[in-house]
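Only the coordinates and a few stated rules stand behind these numbers; no lab work does. All values reported here derive from a predicted model rather than from experimental measurement. Virtual Cβ from ideal backbone geometry, glycine too; neighbours counted across all protein chains shown.
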Amino acid sequence: ILVLPPLNSSPDVAATYSMLSQVTLPLAESGYYVLPVSLVDETFRQNGLYNPGEMHEVGPQKLREIFGADAALYINIKQYGTSYAVLSSESRVTAEAKLIDLRSEQLLWQGEATASSAEGRSSNGGLVGLLVQAVVAQIVESVT
């Protein structure tokens with residue numbers, strides 16, 4: 001699986017690479033081979049593509065030709081950060097993702113997940129880790 005750097009629709013500038021740093025482990029633990037994100041990012045940069053928006057514009061056939069991957073995971077971060085109330089705060093991450101077959105360009109899976117500090121669960125990857133685990137669980141359920 002080729003994981004493209006996520007598009008960031010949230011106001012937090014760190015969201016893209018914070019999410020990207022958490023994505024590969026749960027996918028790999030689920031049995032998928034995931035191309036190293038640093039290799040993918042550097043390959044794009046060496047070819048003049050510096051932001052995720054440009055990277056997402058590259059066609060599936062070209063991605064397959066360059067990386068040799070079977071599928072690509074496109075992620076869009078919709079919400080990332082903390083909102084504050086008078087006596088409390090809530091950190092929330094919401095992202096939508098789609099998995100595309102790079103040979104046929106067919107949509108294999110599409111979904112959206114949210115993780116919140118209000119849910120009260122702990123994870124080594126924090127909120128982003130919970131979100132990624134939710135996305136991976138959805139992918140595994142729909143593909144198998």
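Some observations on this one:
- Each of Val86, Val34 has some number of other Cβ atoms within 10 Å of its Cβ, and from fewest to most they run Val86, Val34.
- Difference of contour (0.36 nm per residue) and Cα-Cα distance, Ser89 to Ala28: 18.7 nm
- Within the stretch 1-47, the chymotrypsin sites (Phe, Trp or Tyr not before Pro) that combine a DSSP coil assignment with at most 16 other C-beta atoms in a 10 angstrom radius are Tyr33.
- Other residues whose C-beta falls under 13 angstrom from the C-beta of Thr82 contribute a net charge of -1, scoring Lys and Arg +1 and Asp and Glu -1.
- Within-14-Å neighbourhood charge of Asp101 [Cβ basis; K, R +1; D, E -1]: +1
- Under 13 Å, Cβ to Cβ, from Lys62 - net charge with Lys/Arg +1 and Asp/Glu -1: -2
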